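Worksheet for the structure shown next.
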């Protein structure tokens with residue numbers, strides 16, 4: 001039973017966004033936009049105490065996106081444009097595959113977190 005509980009604890013840590021939130025929190029100020037580009041870590045808004053600006057993915061927020069379409073970026077080009085126009089600090093989350101593609105395309109970003117499912121970068 002104890003072994004089962006240890007496995008459950010590990011799974012909870014794996015699925016939770018707490019570690020990610022702890023890493024990116026120092027880069028998130030009151031005016032910082034946090035983008036979820038193609039991914040939406042569901043518990044991250046809870047741990048950050050704020051919503052994410054979604055790009056590409058709609059996840060379970062599809063109904064809300066249809067009600068407020070201006071709060072959603074429908075494609076990667078739209079995200080790139082916004083990212084390059086940002087004046088302040090921004091943080092973005094990607095899949096490792098999207099991160100590699102954007103990095104090779106020369107999008108300015110600084111890596112702050114990486115695991116097997118997601119990557120976090122900051123603008124400055």
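Can you tell me which residues in the stretch 59-70 are farther than 20 Å from residue 99 by Cβ and out of contact with any strand residue (DSSP E or B) (no Cβ under 7 Å at 6 or more places or on another chain)? Let's see the steps before the verdict.
Taking the stretch 59-70 and keeping what is farther than 20 Å from residue 99 by Cβ, we get 60-70.
Of everything in the stretch 59-70, those that are farther than 20 Å from residue 99 by Cβ and out of contact with any strand residue (DSSP E or B) (no Cβ under 7 Å at 6 or more places or on another chain) turn out to be 60, 62, 63, 64, 66, 67, 68, 69, 70.
Counting only residues that are touching a residue at least 40 places away in the same chain (Cβ under 8 Å) and under 19 Å from residue 29 (Cβ atoms), how many does the stretch 87-108 have? Don't jump to the end; show me each part of the working.
Keep residues of the stretch 87-108 that are touching a residue at least 40 places away in the same chain (Cβ under 8 Å), which gives 88-95, 98.
From what is left, the residues that are under 19 Å from residue 29 (Cβ atoms) are 88-93.
So the count comes out to 6.
So residue 45 passes all but one of these: (1) in a helix (DSSP H, G or I); (2) at pLDDT 85 or above; (3) in contact with a helix residue (DSSP H, G or I) (Cβ under 8 Å, 6 or more places away or on another chain). Which condition number does it fail?
(3)
When the stretch 64-75 is examined, which residues are found to be more than 18 Å from residue 41 (Cα to Cα) and either part of a helix (DSSP H, G or I) or in contact (Cβ under 8 Å) with a residue 40 or more places away in the chain (or both)?
If the condition is that a residue be more than 18 Å from residue 41 (Cα to Cα) and either part of a helix (DSSP H, G or I) or in contact (Cβ under 8 Å) with a residue 40 or more places away in the chain (or both), then 66, 67, 69, 70 are the ones that fit.
What is the residue count in the stretch 84-113 for residues that are within 13 Å of the chain's Cα centre (by Cα), surrounded by 15 or more Cβ atoms within 10 Å (Cβ to Cβ) and part of a helix (DSSP H, G or I)?
Selection size over the stretch 84-113: 2.
For the stretch 66-83, give me each residue that is at pLDDT 95 or above, within 20 Å of residue 31 (Cα to Cα) and loosely packed, with under 13 Cβ neighbours inside 10 Å.
Across the stretch 66-83, the qualifying residue is only 81.
Any residue at all in the stretch 14-28 that's out of contact with any strand residue (DSSP E or B) (no Cβ under 8 Å at 6 or more places or on another chain), in a helix (DSSP H, G or I), within 16 Å of residue 117 (Cα to Cα) and modelled with pLDDT under 90?
Yes, some residue in the stretch 14-28 is out of contact with any strand residue (DSSP E or B) (no Cβ under 8 Å at 6 or more places or on another chain), in a helix (DSSP H, G or I), within 16 Å of residue 117 (Cα to Cα) and modelled with pLDDT under 90.
The values are calculated or read from the model by the stated rules, or taken from the named source; none is laboratory data. From a predicted model like this one, the values you see are computed outputs, not experimental measurements. Backbone-built Cβ (ideal geometry, glycine too); neighbour counts: all protein chains shown.
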